[in-house]
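The values are calculated or read from the model by the stated rules, or taken from the named source; none is laboratory data. Nothing here was measured: the structure is a model prediction, and the numbers come from that model. Cβ placement follows ideal geometry from the backbone for every residue including glycine, while neighbour counts extend to all protein chains displayed.
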Amino acid sequence: MLGRPNSTIHSYGSIIFAACFTIQAVGIGTYVAYGVFFNALIAEFQWSRATISGASSLAFFMMGFVGMLIGRLNDQYGPRLLMSITSLFFGAGLMLMSQVDSVPRLYLCYGLLVGIGLSSMDVIALTTIARWFSLRRGAMTGLVKVGTGAGQFTIPLIASLLIGLAGWRHTFLILGLAASCILFSIAQVLKRDPDDFKYLGKKDRSSGEEIEKAGTAGISFEKTRKTYQFWNLCFVNFLIVFCLISIIIHIVPHARDIGLSASHAAGVLSTIGGVSMIGRFVSGLAIDRYGSKAIMGASLLLLIISLSWLQAAESLWMLYLFACIYGLAHGGLFTAISPMVAEIFGIRAHGTILGIVVCFGTTGGAIGPIFTGQLFDMTGSYAIAFYAFMITSLCSLVLLALLKPIRDKS
């Protein structure tokens, strides 16, 4: 096994990276594009923003809830079969959205089916990267999360263009078919870790024994769930994603409310995605040098600054400046979580632990948009919700400061 050419070893590591990058771009980018459909759904059905947000929230909750099972199964059986199955759910839910004519169908197609499809996007991609690149985990996680930013930048613009050309129903049909085909094809090249493929990573190569130890390094989930660090991290992620997903889902409707055109409003969302690519890349490199906790703290400070600015943003340039600051914070926060799990608990049960931490985050992300939509429906403004996000971000920063490393991992 050690005698295989380095070029071949490096080549398959590159394939794994490209696969995980594309999973993030297609899966998360398509989910984020849901905000572009708000006005079309309101115009046709006169549904409230809370109702429309609820479908996205259910999808996000299902992403984490099913993701706990996906994480455990991925630790045991590997990612190929799991990604293949969930890609079909993802595509089917999006394509069936083209036939939606009632709230129950909206929640069934988008909330349930798309949510099940989303369950593998973070857990499989990030756990696979954590296992393949143990010595460059932060940098490679950051590069893979650049894929999320790429998807957030491109897919909302594509969806907005398609809605104008073909209508929202045909747009869902096109997005669903394309996403399902891409993700199912990518699933066929996924391998759980280098040992599963019988190759060793180029930078991680020394001996078969070292790879075996790396695969079991860290503490078991049974011990992990008894530590305060585990529950602290879960609640930090809950609060962070509560804010982040609420902003992502509601920033386009907010931009339209203050007078921006549909294309400019979609551009704000795309700017967040584009700048978040820089945030993901830079934070990934910085994590390997300074640690995940420091980078998450810096990203939270940027989030608080961006939310303060959002209170006064009433014009196009002000919203785009918000998008730039927020995009850096958004990218850093989502990049740091998987390396932080590995730093604190090791990778022995990385998929299981990350799946639960992600589930707490997606629960927050499910509640947040409904909370935001309900506040808007009650007050006619997002102002109270934006203030609430600032307070929530401050609370998560305090909890993060209390997070200490586990002294004994024996």
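Details
- Counted residues, the range 274-304 - those being among the aliphatic types (A, V, I, L, M) and without any contact (Cβ under 8 Å) to a residue 24 or more places away in the chain: 1
- For the range 131-150, a residue qualifies if it is of a type in the set (Gly, Ala, Ser), surrounded by fewer than 24 Cβ atoms within 10 Å (Cβ to Cβ) and either at positive phi or part of a helix (DSSP H, G or I) (or both), and the qualifying residues are 139, 150.
- Matching entry among 308, 283 (being assigned to a helix (DSSP H, G or I), modelled with pLDDT of 85 or more and within 30 Å of residue 82 (Cβ to Cβ)): 283
- Within the range 19-114, helices (runs of 4 or more DSSP H) holding 1 or more residues that are β-branched (Val, Ile, Thr) and crowded, with 24+ Cβ neighbours inside 10 Å: 49-77, 80-96
- Meets criteria (farther than 30 Å from residue 141 by Cα and touching a residue at least 40 places away in the same chain (Cβ under 8 Å)) for residue 106: yes
- Here residue 169 fits the description: more than 27 Å from residue 190 (Cα to Cα), touching a helix residue (DSSP H, G or I) at 6+ places or on another chain (Cβ under 8 Å) and surrounded by fewer than 22 Cβ atoms within 10 Å (Cβ to Cβ).
- Those residues of the range 149-196 which are among the hydroxyl-bearing types (Ser, Thr, Tyr) and either modelled with pLDDT under 90 or touching a Gly at 6+ places or on another chain (Cβ under 8 Å) (or both), in sequence order: 154, 160, 180
- Residues that are part of a helix (DSSP H, G or I) and of a type in the set (Ser, Thr, Tyr), drawn from the range 115-129: 127, 128
- Listed by first and then second residue, the pairs linking a residue in the range 239-258 that is farther than 18 Å from residue 359 by Cα to a residue that is basic (Lys, Arg), with Cβ atoms under 7 Å apart and 6 or more places separating them unless they lie on different chains, are 253/49.
- Condition met for residue 92 (of a type in the set (A, V, I, L, M), free of Cβ contacts under 8 Å to residues at least 60 places away in the same chain and in contact with a Gly (Cβ under 9 Å, 6 or more places away or on another chain)): no
- Unique match (being in a helix (DSSP H, G or I) and either farther than 21 Å from residue 304 by Cα or over 13 Å from the mean Cα position of the chain (by Cα) (or both)) among 361, 355: 355
- Among (1) in contact with a helix residue (DSSP H, G or I) (Cβ under 9 Å, 6 or more places away or on another chain); (2) over 18 Å from residue 92 (Cβ atoms), the one test that residue 46 misses: (1)
- Scan the range 334-352 for residues that are outside any helix (DSSP H, G or I) and β-branched (Val, Ile, Thr) and the total you get is 1.
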